[in-house]
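Colleague: The structure's right below; bear with me while I get my questions together.
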Amino acid sequence: MESRAINFGAGPSALPASVLEEATKGLLNFNGTGIGIAEISHRSKEFTTYLQSVEQNIRKLLDVQPTHSILFTQGGGSTQFSAVVLNMLARHRLLHPQLKDEDRVLDYVVTGSWSKKAAEEARRMGGSTVKIAADSRKYSKDQKSFDNIPTADAYSFSNDPALIYYCANETVDGVEFSAEETSPASFPYQLLPKNALLPLVGDYSSSFMSRPIPHLSDHAIIYAGAQKNIGPAGLTILIVRNDCIVDVDAAAKLGATPVPICLSYKTLADNNSLYNTPPVLSIYITGLVLEYMLQLGGLDYYAGLTNRKSKKLYDVLKDGQTKGIFEGKVKESSGSQMNVVFDVVGEGLLAKFIAGAEERGMKGLKGHRSVGGVRVSIYNAVTEEETDQLISYMEQFAGRHKVNEE
Ligand code: PMP
């Protein structure tokens, strides 16, 4: 274990070492079957029982009520960019068979690179009119960056949209809807149409299981790839309100786009997520991580941990900003708790900062290629002590290279 680096990577990300050690046992012999988890049938009693326990633990951790189904699939967040559109347009078709395609409206809140991509995919899918309910770039420092979550007056939602889409945490850009509803950077739930069956869709890929999800029961769909906070890549988790699991073939008969069988939520639901072979290994490790999280105190524990880690990081960033060495890339109130992004000011100093971190065993700090700078991802498995090591390195670095004297 001594050779393990501190991994600040944005995904796939760090996993708890004790869980990985446990997983090596399961790789050889899963739950006493004598067969390794990568070798066992997904239809075996042992695996299907395990899958049920993973579902129960997700329900427990996020307090998911029976109004919503938990579905397991593959294809990552990017596949859901298309799947949410197809399933929700099929639902809308069944509800309003007479409407013309152009009168089926999809509302997209664009706050960063991922929601922008999702809106582009919705346009590609056709069969609707994509409306941008808010574009945060209009409220940025240069009209083109995603550096801000705008205040409520920036949003305009349609009357009866087929979906209302947002991304809770923009991993690339480092902005996040605040979980504090009093914050100006929180999602404006109060502006949404008052509809018991709100078609609200949230991409939680990047903050899933780092804290409770506000208004979870008001959502039509919440989805997330496992590979940030809870497991290896390959597993995508969906929380779908039951009225959004519709007969997509009946909708297609009325003119909706046919939904590929494995993208249909009904296929997943009718087959307990076992229509085809699921990502067995990824589900296994995710299950171990969820057990571990419950032992530590569930999402209250992680929300506290995330708050502490991110607060310390933003504090040292602010201090470095005063010294003229660091510069935060996003507006203060919009800063993500999971991904802290900043520039290192001065010729050649970014490369020096990254190299110095690597020498100290800290990896994965280079910013996304479209944004540059430094990105520190502090997903659940990055401990407070590991975060403290980075913070003391940032303090030393700022002290050595400061431009402004206090
Ligand atoms: N949405 C968000 C918020 C993400 O962070 C990512 C991946 N980093 C994606 C979607 C895309 O997920 P995937 O790579 O699993 O397709």
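The values are calculated or read from the model by the stated rules, or taken from the named source; none is laboratory data. Being a predicted model, the structure only gives us computed values, none of them experimental. With ideal geometry, Cβ positions are generated from the backbone for all residues, glycine too; neighbour counts draw on all protein chains shown. Keep in mind that these areas ignore ligands, DNA and RNA; they rest on the heavy atoms of the full protein, side chains included. Shrake-Rupley method; radii C 1.70, N 1.55, O 1.52, S 1.80 Å.
Colleague: Please list the non-local residues whose amide H lies under 5 Å from the amide H of Gln74, H modeled 1.01 Å from N, same-chain partners needing a gap of 5 or more.
Modeller: Thr236
Colleague: Over all directions, the average projected area of the alpha-carbon convex hull for the stretch 64-141 comes to how many nm²?
Modeller: 6.9 nm²
Colleague: Now for a separate question. Given the options Ile354, Ile164, Ile222, state which has the largest fluctuation in a GNM of the chain using a 10 Å cut-off (strictly under) for Cα springs.
Modeller: Most flexible of the set in this elastic network: Ile354.
Colleague: Same structure, new question: For the stretch 9-60 and the stretch 75-100, what is the separation of their Cα centres, given in Å?
Modeller: 32 Å
Colleague: Pull out the extension gain between His96 and Thr277, defined as 0.36 nm times the separation in residues minus the alpha carbon to alpha carbon distance; nm, one decimal.
Modeller: 61.7 nm
Colleague: To continue, here is another question. For the stretch 132-252, compute Rh as the Kirkwood radius over C-alpha pairs and then the Stokes-Einstein diffusion coefficient at 25 °C and 0.890 mPa s; write the answer in µm²/s, rounded to an integer.
Modeller: Roughly 156 µm²/s, to the nearest whole number.
Colleague: Treating the Cα atoms of the chain as identical point scatterers in vacuum, please give the log10 of the normalised Debye intensity I(q)/I(0) at q = 0.07, 0.09, 0.12 Å⁻¹, two decimals.
Modeller: Evaluating at q = 0.07, 0.09, 0.12 Å⁻¹ gives log10 I(q)/I(0) of -0.34, -0.56, -0.97.
Colleague: Ordering Glu39, Glu386 by accessible area with a probe of 1.4 Å, largest first, what comes out?
Modeller: Per-residue accessible area, sorted high to low, gives Glu39, Glu386.
Colleague: If you average the C-alpha positions of the stretch 199-278 and of the stretch 127-173 separately, how far apart do those two centres end up, in angstrom?
Modeller: 22 Å
Colleague: Extension gain Asp243-Asp103, at 0.36 nm per residue separation less the Cα-Cα distance, in nm?
Modeller: Roughly 48.3 nm would be gained on extension.
Colleague: Taking the chain as a Gaussian network, where each spring joins two C-alpha atoms under 10 Å apart, which residue of Ala23, Ala233, Ala14 fluctuates the most?
Modeller: Highest fluctuation of the listed residues: Ala23.
Colleague: Still on this structure: What percent does the relative contact order of the stretch 186-343 come to when contacts are Cα pairs within less than 8 Å and at least six residues apart?
Modeller: 18 percent
Colleague: Using a basic spin-label model with each label point 7 Å from the Cα along Cα→Cβ, how many nm lie between Ser53 and Asn404?
Modeller: Distance between the two pseudo-spin positions: 5.5 nm.
Colleague: Follow-up. Given 0.36 nm per residue, what is the gain on full extension from Leu197 to Arg124 after removing their alpha carbon distance, in nm?
Modeller: So the extension gain works out to 23.7 nm.
Colleague: In deg cm²/dmol, rounded to 500, what helix-only [θ] at 222 nm does the chain give when every DSSP H run of at least 4 residues adds -39500 (n - 2.57) and the total is split over its residues?
Modeller: Value at 222 nm, helices only: -11500 deg cm²/dmol.
Colleague: When the accessible area of the chain is computed with all protein chains present and a 1.4 Å probe, what percentage of it is carbon and sulfur?
Modeller: That fraction is 50 percent.
Colleague: Per residue, how much accessible area does the stretch 34-175 show when a 1.4 Å probe rolls over the protein heavy atoms, in square angstrom?
Modeller: Solvent-accessible surface per residue comes out at 42 Å².
Colleague: Also, quick follow-up: Between Lys60, Lys45, Lys266, where does the largest GNM mean-square fluctuation fall for the chain, given springs only between Cα atoms within less than 10 Å?
Modeller: So, out of Lys60, Lys45, Lys266, the one fluctuating most is Lys45.
Colleague: Calculate the radius of gyration of the Cα atoms of the stretch 316-385 to one decimal place, then report Dmax, the largest Cα-Cα distance, as a whole number, both in Å.
Modeller: Both quantities, over Cα of the stretch 316-385: 12.0, 33 Å.
Colleague: At a Cα cut-off below 19 Å, give the aspartates and glutamates reachable from Lys117, other chains included and same-chain residues fewer than 8 away excluded.
Modeller: Candidates past the 8-residue exclusion: Asp107, Asp135, Asp147, Glu170, Asp173, Glu176, Asp203.
Colleague: Now for a separate question. For a quick check of understanding: with a 1.4 angstrom probe and all protein chains in place, what accessible area in square angstrom does Ile132 have, to the nearest ten?
Modeller: The accessible area of Ile132 comes to roughly 70 Å².
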